[in-house]
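*Asks:* The structure under discussion is supplied below as structure tokens; questions concerning it will follow.
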Amino acid sequence: MVRRSFVDDALSQLAANPKKSAVFALHAIANARNNAICAGADPAKLWVAEAFVTKGRYRKSVAFMGRGNTGIKQTRYSHLNVTVRQLEEGDRSAAKAMLRRRPIHVAPLVQRLQQGRRGRAAGRQAQQQQPWRRRRQQQQQAS
């Protein structure tokens, strides 16, 4: 979602995203931006060149189950890698990479945040479980 976009745009996209993983990506990109600024980069020209996740270590612990049985519970960790580069004047490969990025639609994210929903599926489930609410809204709109 934020690869091959300017850092400021990526941070605003992640700030509007209600998902849990967006918080981790937001902190990682902000940290990469601060490191680049300390190294002497221009903040207005920074863009997210790479953002990917790799496997981390596993932590094993005992899982107690019924009837005196035990099992092994694995807690999985992962690594979030972010590369931030400065866009140079004659860098054609960076410009091509920026053009290859997928379009991001901001309006649905903002609308979901305003409605307080966690996503499309949550809204659909709420409508299916409470048909009376939908009828009441239709009656209010008609009057």
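The values are calculated or read from the model by the stated rules, or taken from the named source; none is laboratory data. Source: prediction; values computed, not measured. Here the Cβ positions follow ideal geometry from the backbone for every residue, glycine too, while neighbour counts run over all protein chains shown.
*Asks:* Somewhere in segment 5-27, is a residue among the acidic types (Asp, Glu) and outside any strand (DSSP E or B)?
*Replies:* Looking for residues that are among the acidic types (Asp, Glu) and outside any strand (DSSP E or B), one finds at least one in segment 5-27, hence yes.
*Asks:* When you go through (1) surrounded by 12 or more Cβ atoms within 10 Å (Cβ to Cβ); (2) among the charged types (D, E, K, R); (3) farther than 22 Å from Arg92 by Cβ; (4) without any contact (Cβ under 8 Å) to a residue 40 or more places away in the chain one by one for Arg33, which number turns out not to apply?
*Replies:* Against the list (1) surrounded by 12 or more Cβ atoms within 10 Å (Cβ to Cβ); (2) among the charged types (D, E, K, R); (3) farther than 22 Å from Arg92 by Cβ; (4) without any contact (Cβ under 8 Å) to a residue 40 or more places away in the chain, Arg33 comes up short only on (4).
*Asks:* Return the residue satisfying two criteria in turn: it lies in segment 58-70 and is assigned to a strand (DSSP E or B) and not basic (Lys, Arg), and of such residues it is farthest from the chain's Cα centre (by Cα).
*Replies:* It comes out as Thr70.
*Asks:* Condition first: of a type in the set (Phe, Trp, Tyr), surrounded by fewer than 12 Cβ atoms within 10 Å (Cβ to Cβ), in contact with a Phe, Trp or Tyr (Cβ under 9 Å, 6 or more places away or on another chain) and not in a helix (DSSP H, G or I). Can you find one or more residues in segment 39-57 that meet it?
*Replies:* no
Table: residues versus (1) in contact with a His (Cβ under 9 Å, 6 or more places away or on another chain); (2) more than 23 Å from Ala97 (Cα to Cα); (3) not β-branched (Val, Ile, Thr).
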residue: Arg3; (1), (2), (3): no, no, yes
residue: Ser12; (1), (2), (3): no, no, yes
residue: Lys19; (1), (2), (3): no, yes, yes
residue: Ala22; (1), (2), (3): no, no, yes
residue: Ala25; (1), (2), (3): no, no, yes
residue: Ile37; (1), (2), (3): no, no, no
residue: Trp47; (1), (2), (3): no, no, yes
residue: Thr54; (1), (2), (3): yes, no, no
residue: Arg57; (1), (2), (3): no, yes, yes
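*Asks:* Looking at segment 2-29 only, could you name the residues that are out of contact with any strand residue (DSSP E or B) (no Cβ under 8 Å at 6 or more places or on another chain) and either among the β-branched types (Val, Ile, Thr) or buried (at least 16 other Cβ atoms within 10 Å of the Cβ) (or both)?
*Replies:* Listed by number, the residues that qualify are Leu11, Gln13, Leu14, Asn17, Ala22, Val23, Leu26.
*Asks:* Of the conditions (1) surrounded by 10 or more Cβ atoms within 10 Å (Cβ to Cβ); (2) in a strand (DSSP E or B); (3) at pLDDT 95 or above, Arg76 satisfies every one except a single condition; which number is it?
*Replies:* Unmet condition: (1).
*Asks:* Here is a follow-up. Hey, any hits in segment 90-103 for a residue that's modelled with pLDDT under 75, loosely packed, with under 11 Cβ neighbours inside 10 Å and aliphatic (A, V, I, L, M)?
*Replies:* Looking for residues that are modelled with pLDDT under 75, loosely packed, with under 11 Cβ neighbours inside 10 Å and aliphatic (A, V, I, L, M), one finds at least one in segment 90-103, hence yes.
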